[in-house]
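The values are calculated or read from the model by the stated rules, or taken from the named source; none is laboratory data. Note that the structure is a prediction, hence the values are computed from the model and not measured. Glycine gets a Cβ as well: all are built from the backbone with ideal geometry, and neighbour counts include every protein chain shown.
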Amino acid sequence: MRKTMFSLAVVAAALLAGVAQAADKKTIGVSIPAADHGWTAGVVFHAERVAKLLKAEYPDINVIVKTSPDAASQANAVQDLATQGIDALVILPSDPDPLVNAIKEVKAKGTFVTLVDRAPSTNDDSVRDLYVAGNNPALGEVAGKYIKETTPDAQVVVIRGLPIPIDQQRQDGFDKGIAGSNVKVLDRQFGNWNRDDAFKVMQDYLTKYPKIDVVWCQDDDMAVGVLQAIEQAKRTDIKYVVAGAGSKDMVKKVMDGDKMIPVDVLYPPAMVGTAMELTAAALYDQVPVRGNYILDATLVTKDNAKDFYFPDSPF
């Protein structure tokens, strides 16, 4: 009888252990755009990097990363993830509004939803539990303040991104940053967050303006085109260029003391990794992470650049 009771106890303990182990098994689905340009290539890199880190930290976690070339494909990817029984969805939408219904369907099942970077028109708890993003107004303001403090009488040309809300937020922040100084903005044109388009805009500026002190462009990819145009024109009047994102090439220039790129402003693709880490903490550690989590627009200088340099990243 005693042996029988002992055997039953062992079986019960094994069953309880199995239940506990099953309870610890969580699946996070990560839906992100395909690597169709520099910044999104960085997003893919950091999503895959952090997936490995999470598996090391939480042995029972399953992280599924799916990339999609457009909103329609991403909606299908989200539905596919949902059929795999995910406990949480981390999504950086290629175009947020067309994806709202797909996201809401997942959330309605009790799945924890973390939205990254691009917010839909309605960005509240009906769509997501957690919102992780960079700070677009601060990206512009930090750049503007640096120019005001470093070259307070500068004549500046601006290369904007695209005529969409986040571009205007960055532009408004920049104007706030230079307010109260003698910084003069000579011109503002759109470079479409594209290095070739920015190259053409910068060529036009170099033809129109015999003296330019500083260039502010909203994106590191555009800065590549700007630097090429300056080099081809052999212009020596331009003191430096300020861009933003935190690409490895620009951060490396800052690290190396390149006088044309003395600083950069972070809008890091690594934010998707932050979102994944916070989501895992919510699932496993019951960390209260609901609401908004806005990353700082850190000024990258020679002193701190090493902290933001990822040499293996494609961006």
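Checking the structure you have, find out if any residue of the stretch 113-126 is farther than 19 Å from residue 263 by Cα, of a type in the set (Lys, Arg), at pLDDT below 95 and not assigned by TED's automatic domain parsing to the domain that holds residue 231.
Yes; the residues of the stretch 113-126 include at least one that is farther than 19 Å from residue 263 by Cα, of a type in the set (Lys, Arg), at pLDDT below 95 and not assigned by TED's automatic domain parsing to the domain that holds residue 231.
Can you go through 293, 240, 309 and tell me which one is closer than 22 Å to residue 209 by Cβ and out of contact with any Asp or Glu (no Cβ under 8 Å at 6 or more places or on another chain)?
So the residue among 293, 240, 309 that is closer than 22 Å to residue 209 by Cβ and out of contact with any Asp or Glu (no Cβ under 8 Å at 6 or more places or on another chain) is 240.
Identify, please: which residue in the stretch 1-47 is in contact with a strand residue (DSSP E or B) (Cβ under 6 Å, 6 or more places away or on another chain) and among the small types (Gly, Ala, Ser) and is, among those, modelled with the lowest pLDDT?
For the stretch 1-47, the residue satisfying everything is 34.
Looking at the stretch 28-53 only, could you name the residues that are in a helix (DSSP H, G or I) and either more than 18 Å from residue 132 (Cα to Cα) or among the basic types (Lys, Arg) (or both)?
The initial filter retains those residues of the stretch 28-53 that are in a helix (DSSP H, G or I), namely 38-53.
If the condition is that a residue be in a helix (DSSP H, G or I) and either more than 18 Å from residue 132 (Cα to Cα) or among the basic types (Lys, Arg) (or both), then 38, 41, 49, 52, 53 are the ones that fit.
Within the stretch 151-161, identify whether any single residue is in the same structural domain as residue 240 (by TED's automatic domain parsing) and at pLDDT below 95, and answer yes or no.
yes
Scan the stretch 198-216 for residues that are assigned to a helix (DSSP H, G or I) and touching a strand residue (DSSP E or B) at 6+ places or on another chain (Cβ under 8 Å) and jot them down.
Once the filter is applied, which keeps residues that are assigned to a helix (DSSP H, G or I) and touching a strand residue (DSSP E or B) at 6+ places or on another chain (Cβ under 8 Å), the stretch 198-216 yields 198, 201, 202, 204, 205, 208.
Could you check the stretch 32-57 and list, in sequence order, the residues that are touching a helix residue (DSSP H, G or I) at 6+ places or on another chain (Cβ under 9 Å) and of a type outside the set (Gly, Ala, Ser)?
Listed by number, the residues that qualify are 32, 33, 37, 39, 43, 44, 46, 49, 50, 53, 54, 57.
Could you check the stretch 182-197 and list, in sequence order, the residues that are touching a Gly at 6+ places or on another chain (Cβ under 9 Å) and either assigned to a loop (DSSP other than H, G, I, E, B) or outside the structural domain of residue 261 (by TED's automatic domain parsing) (or both)?
Across the stretch 182-197, the qualifying residues are 183, 191, 192, 193, 194.
Given the conditions (1) in contact with a strand residue (DSSP E or B) (Cβ under 9 Å, 6 or more places away or on another chain); (2) closer than 24 Å to residue 209 by Cβ, and given that residue 127 satisfies all but one, which numbered condition is not satisfied?
(2)
Residue-wise test of (1) touching a strand residue (DSSP E or B) at 6+ places or on another chain (Cβ under 9 Å); (2) of a type in the set (Asp, Glu); (3) under 20 Å from residue 201 (Cβ atoms).
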residue: 121; (1), (2), (3): no, no, no
residue: 146; (1), (2), (3): yes, no, no
residue: 149; (1), (2), (3): no, yes, no
residue: 155; (1), (2), (3): yes, no, yes
residue: 167; (1), (2), (3): yes, yes, yes
residue: 185; (1), (2), (3): yes, no, yes
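Just to be sure I understand, how many residues within the stretch 166-210 are of a type in the set (D, E, K, R), in contact (Cβ under 8 Å) with a residue 40 or more places away in the chain and touching a Leu at 6+ places or on another chain (Cβ under 9 Å)?
Of the residues in that region, 1 qualify.
Would you say residue 132 is farther than 28 Å from residue 206 by Cα, in contact (Cβ under 8 Å) with a residue 40 or more places away in the chain and touching a helix residue (DSSP H, G or I) at 6+ places or on another chain (Cβ under 9 Å)?
Yes.
Which members of the stretch 258-308 meet the condition of being polar (S, T, N, Q), surrounded by 15 or more Cβ atoms within 10 Å (Cβ to Cβ) and not in a loop (DSSP other than H, G, I, E, B)?
Correct list: 274, 279.
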